[in-house]
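K.L.:
Got a structure for you, questions after.
Only the coordinates and a few stated rules stand behind these numbers; no lab work does. Because the structure is predicted, anything quoted here is derived from the model rather than measured. Cβ sites come from the backbone with ideal geometry, for glycine too, and all protein chains shown count toward neighbours.
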């Protein structure tokens with residue numbers, strides 16, 4: 001399979017889960033500590049870590065360590081890349097019809 005599609009699929013995998021969409025909604029208001037996300041989402045640390053790994057691998061979310069805690073935020077560039085990707089794959093290719 002083409003490596004480009006593998007990377008593109010990471011973006012859509014990040015967006016195809018209700019919990020990850022809820023996490024993104026929480027991050028829209030700014031950076032959040034993993035402890036706050038866990039509490040607000042009412043999910044355990046291991047489950048949250050799984051979802052955060054997928055969001056970070058997509059490039060939409062960035063994490064930073066601060067002592068023993070990780071803080072997460074939406075990455076503006078990753079968000080723009082996801083938007084461009086969606087636009088590219090859903091816009092008909094005008095050249096293909098000729």
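K.L.:
What residue among 59, 30, 78 shows peak mean-square fluctuation when the chain is described by a Gaussian network model with Cα springs under 10 Å?
P.N.:
In this elastic network of the chain, the residue with the biggest mean-square fluctuation among 59, 30, 78 is 30.
K.L.:
While we're here: Compare 62, 53, 42 in a GNM of the chain, Cα atoms joined below 10 Å, and give the one with the largest fluctuation.
P.N.:
42
K.L.:
What angle, in degrees between 0 and 90 and rounded to the nearest 10, separates the Cα long axis of helix 3-15 from the longest principal axis of the Cα atoms of the chain?
P.N.:
The two axes meet at around 50 degrees.
K.L.:
Still on this structure: Run the quick spin-label model on residue 5 and residue 90: label points 7 Å from Cα toward the beta carbon, then report their separation in nm to one decimal.
P.N.:
Once both label points are built, they end up 2.0 nm from each other.
K.L.:
Any chance you could give the angle, 0 to 90 degrees and rounded to 10, that helix 45-58 forms with the longest Cα principal axis of the chain?
P.N.:
Orientation of helix 45-58: about 30 degrees from the principal axis.
K.L.:
Sticking with this structure for a sec: Taking the 0 to 90 degree range and rounding to the nearest ten, how far is the long axis of helix 76-90 tilted relative to the main principal axis of the chain, both from C-alpha atoms?
P.N.:
30
K.L.:
Another one. Over the alpha-carbon set of the range 7-88, divide Rg by the Kirkwood Rh and report the Rg/Rh ratio to two decimals.
P.N.:
0.96
K.L.:
Of 58, 46, how do they rank once you tally other Cβ atoms within 10 Å and put the fewest first?
P.N.:
Fewest to most other Cβ atoms nearby, the residues stand as 46, 58.
K.L.:
Mind jotting down the distance between the C-alpha centroids of the range 80-95 and the range 33-61, whole Å?
P.N.:
28
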